[in-house]
Amino acid sequence: MIRLDKYLADAGIGTRSQVKQYLKKGMVTVNGEVEQQPKQKVTPGADLILFQGKEVSYSEYEYYMLNKPAGCVSATKDLEYKTVLDYIDSLRDDLFPVGRLDRDTEGLLLITNDGALSHRLLSPAYHVPKTYYIKVSGCVPKEAIEGCRLGLDIGDDAPTKPAFLEILSAGEVSELLLTITEGRYHQVKRMCHVLGYPVEYLKRVSFGPLTLDASLALGQYRPLTPEEITQLKDEESICCIIKKQ
Ligand code: URA
């Protein structure tokens, strides 16, 4: 059971304080009776809640794919910079990014309020693969592929776990795809630095079973489809991806 004001705010009716005003004005009914108490407990899915005569449906969890632009931080609040949540047009106050991308990194970031799923996706036990598109200056040699596969000493206690490097093009500038299954601090930048090719541009293109939707411009987002949510929650689908590589 949850408070009625949270139910209404989470459903996008208004902020908590707007919702309190609506309740005071008698604009909300619960199972046919006007309800004015914000703290009244209701059961999502069982109680019928109407706002101005229209049913208010509620989903406990929300899942969004954001194409993060550079310049914003992967946090819920920041005094200096825009946060990734500033791009999400939701009145919910419990959304957060799953993991972090650096301020200057672009690409796929999952935003949700599902703490258990987030915990699982970030847990080292699951080795969720993440693929990055990278531009570096200089011509990356094929030997770098083996280096990434064997693990690199990037200055931590242990070398990096096997990572999968694909060289898309090599010349004055090289374009790479790198898949890692860990989430160490600045991991991709540190790996490329150790290889001798500092990162010029970094974009995450996949996260576990999710692939960045090419129709999303930088700063745009969309809700995950039911199939994407099912895949994210399915251990098998994550394991399969690791096996495929
Ligand atoms: N690795 C990095 O170095 N930066 C990111 O933003 C993500 C992975």
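The values are calculated or read from the model by the stated rules, or taken from the named source; none is laboratory data. Please read these numbers as outputs of a predicted model, since none were measured by experiment. Counting neighbours? That spans all protein chains shown, and the Cβs are built from the backbone with ideal geometry, glycine included.
Tabulated data for the structure shown
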{"read-out": "Test: residue in region 222-237 that is part of a loop (DSSP other than H, G, I, E, B), closer than 22 Å to Thr105 by Cα and not assigned by TED's automatic domain parsing to the domain that holds Thr105", "value": "no"}
{"read-out": "Condition broken by Leu8, with the remaining ones in (1) assigned to a strand (DSSP E or B); (2) farther than 30 Å from Gln187 by Cβ satisfied", "value": "(1)"}
{"read-out": "Boolean, Leu218 is more than 16 Å from the ligand (Cβ to nearest atom), closer than 30 Å to Ser59 by Cβ and either in the same structural domain as Tyr87 (by TED's automatic domain parsing) or part of a loop (DSSP other than H, G, I, E, B) (or both)", "value": "no"}
{"read-out": "Failed condition for Leu50, given (1) closer than 30 Å to Glu33 by Cβ; (2) under 16 Å from the mean Cα position of the chain (by Cα)", "value": "(2)"}
{"read-out": "Pairs where the first residue, in region 37-59, is within 13 Å of Val19 (Cβ to Cβ) and the second is assigned to a strand (DSSP E or B) and of a type in the set (Asp, Glu), C-beta under 8 Å, 6+ apart", "value": "Ile49/Glu55"}
{"read-out": "Region 191-209, residues that are of a type outside the set (Phe, Trp, Tyr), within 11 Å of the ligand (Cβ to nearest atom) and surrounded by 18 or more Cβ atoms within 10 Å (Cβ to Cβ)", "value": "Met191, Cys192, Val199, Leu202, Lys203, Arg204"}
{"read-out": "Conditions (1) over 16 Å from the mean Cα position of the chain (by Cα); (2) free of Cβ contacts under 8 Å to residues at least 24 places away in the same chain; number of the one not met by Thr225", "value": "(1)"}
